[in-house]
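S.K.: Before anything else, here's the structure in question.
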Amino acid sequence: MHLGVNIDHVATLRQARYAGVELPIAPEPSVLEAARAALQGGADSITLHVREDRRHMQDADAFCVRREIPLPLNLEMGATPAMLELALRLHPDYVCLVPERRQEVTTEGGLDVAGHADALRELVAELQAHGSRVSMFIDPTPEQVQASAAVGAPMIELHTGCFANTTGAEHEQEVQRLIRAAECAHALGLEVHAGHGIRLSNLASLNRVPHLQELNIGHTIIARAVFTGLQAAVREMKDAILSYSWS
Ligand code: PXP
């Protein structure tokens, strides 16, 4: 099982103080230093989301991490021509297409691949032709999984937000949805990842979902890092993940 560490919140903290401010010193905290700490803590890849409004990660962050960190880079981006242009210059190992605009979002929050199949097929083909493997960040429904396969994406990332935010019978329903979606994806030959709201306390429950190959985790690691430092927080999560056997 791979751990992708999402370091967006490091940029969020930096921008909260320094957005638009010209400084004679490097603004803190450093995204590059965060990526280095994640590497040392055992991250298998670094994830960052360059948003269209650049409110957190800046283009320069992405290029700097790409250049300096010897780990696969996973760029999360909206499915737009401007972001495609950035991705083609950056050459990330992976691109995860995520919803940013209201019309691209289904009620639960994943990308509506089924509803935008033609445009997404072209985008996936172009990214893949330039060497970036593409995943679709989707709600765990058979419709979205099948649509992801149909547009030519080799990977999906199942949105675990509802899974993470429910308890009891509702949570069990979400686990079952994830299991069905993962089985459907596996049967179609897709590589299956998961992300959003994953934390130490829900790993045991997520472990019931088959065919997962990568977990993308951000918030809880950065939150924990406030107290332990980032390298230790990544190590703690990696050790916890590896304490399970994943089918
Ligand atoms: N995967 C994707 C596609 C995301 O956009 C995010 C950030 O929301 C994550 C994973 C990580 O989620 P979290 O910060 O809740 O761990």
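S.K.: Do we find a residue being of a type in the set (A, V, I, L, M, F, W, C) and touching a residue at least 24 places away in the same chain (Cβ under 8 Å) anywhere in the stretch 20-30?
M.R.: no
S.K.: For residue 103, all conditions in the list (1) in contact with a Pro (Cβ under 9 Å, 6 or more places away or on another chain); (2) part of a helix (DSSP H, G or I); (3) modelled with pLDDT under 95; (4) not small (Gly, Ala, Ser) hold save one; what is the number of the exception?
M.R.: Result: residue 103 fails condition (1) only.
S.K.: Under the condition of being surrounded by 16 or more Cβ atoms within 10 Å (Cβ to Cβ) and part of a loop (DSSP other than H, G, I, E, B), which residue from the stretch 186-200 is farthest from the ligand (Cβ to nearest atom)?
M.R.: Of everything passing the filter in the stretch 186-200, 190 is farthest from the ligand (Cβ to nearest atom).
S.K.: While we're here: Name the pairs whose Cβ atoms lie under 6 Å apart, with the first residue in the stretch 182-204 and over 21 Å from residue 109 (Cβ atoms), the second away from the ligand (no atom under 15 Å from the Cβ) and among the hydrophobic types (A, V, I, L, M, F, W, C), and 6 or more positions between them or separate chains?
M.R.: Filtered contacts from the stretch 182-204: 188/149.
S.K.: If you go through the stretch 10-34 one residue at a time, how many are part of a loop (DSSP other than H, G, I, E, B) and β-branched (Val, Ile, Thr)?
M.R.: The number of residues fulfilling the criteria is 2.
S.K.: Can residue 37 be described as in a loop (DSSP other than H, G, I, E, B), more than 17 Å from residue 63 (Cβ to Cβ) and touching a residue at least 24 places away in the same chain (Cβ under 8 Å)?
M.R.: Considered against the rule, which asks whether it is in a loop (DSSP other than H, G, I, E, B), more than 17 Å from residue 63 (Cβ to Cβ) and touching a residue at least 24 places away in the same chain (Cβ under 8 Å), residue 37 comes out as no.
S.K.: Six or more apart or on different chains, Cβ under 8 Å: which pairs go from a residue in the stretch 211-226 that's closer than 25 Å to residue 189 by Cβ and among the polar types (S, T, N, Q) to one that's part of a strand (DSSP E or B) and more than 11 Å from the ligand (Cβ to nearest atom)? Could you list them?
M.R.: Final answer for the pair search is 213/2; 213/191; 213/192.
S.K.: So for the stretch 164-180 (the condition being crowded, with 19+ Cβ neighbours inside 10 Å, within 22 Å of residue 100 (Cα to Cα) and within 16 Å of the ligand (Cβ to nearest atom)), does at least one residue qualify?
M.R.: Among the residues of the stretch 164-180, at least one is crowded, with 19+ Cβ neighbours inside 10 Å, within 22 Å of residue 100 (Cα to Cα) and within 16 Å of the ligand (Cβ to nearest atom), which makes the answer yes.
S.K.: Same structure again: Residues to consider are 36, 55; find the one that is surrounded by fewer than 16 Cβ atoms within 10 Å (Cβ to Cβ), of a type in the set (Lys, Arg) and within 24 Å of residue 224 (Cβ to Cβ).
M.R.: 55
S.K.: Next question, about the same structure. Name the residues in the stretch 202-224 that are assigned to a loop (DSSP other than H, G, I, E, B) and among the hydrophobic types (A, V, I, L, M, F, W, C), would you?
M.R.: The answer is 209, and nothing else.
S.K.: Also, I was wondering about something else. In the list 127, 75, 120, which residue meets the criterion of being crowded, with 22+ Cβ neighbours inside 10 Å, within 16 Å of the ligand (Cβ to nearest atom) and closer than 30 Å to residue 173 by Cβ? Give the derivation first.
M.R.: Numbers: 127 fails: closer than 30 Å to residue 173 by Cβ; 75 fails: closer than 30 Å to residue 173 by Cβ.
When all the criteria are applied, what remains is 120.
S.K.: Given the residues 183, 157, which is the only one that is out of contact with any strand residue (DSSP E or B) (no Cβ under 6 Å at 6 or more places or on another chain) and either farther than 24 Å from residue 218 by Cα or not in a helix (DSSP H, G or I) (or both)?
M.R.: 183
S.K.: Taking residue 42, is it more than 15 Å from the ligand (Cβ to nearest atom) and either touching a strand residue (DSSP E or B) at 6+ places or on another chain (Cβ under 6 Å) or over 21 Å from residue 136 (Cα atoms) (or both)?
M.R.: Answer is yes for this residue.
The values are calculated or read from the model by the stated rules, or taken from the named source; none is laboratory data. Keep in mind the model is a prediction, meaning the values are calculated, not measured. We place every Cβ from the backbone using ideal geometry, glycine too, and count neighbours over all the protein chains shown.
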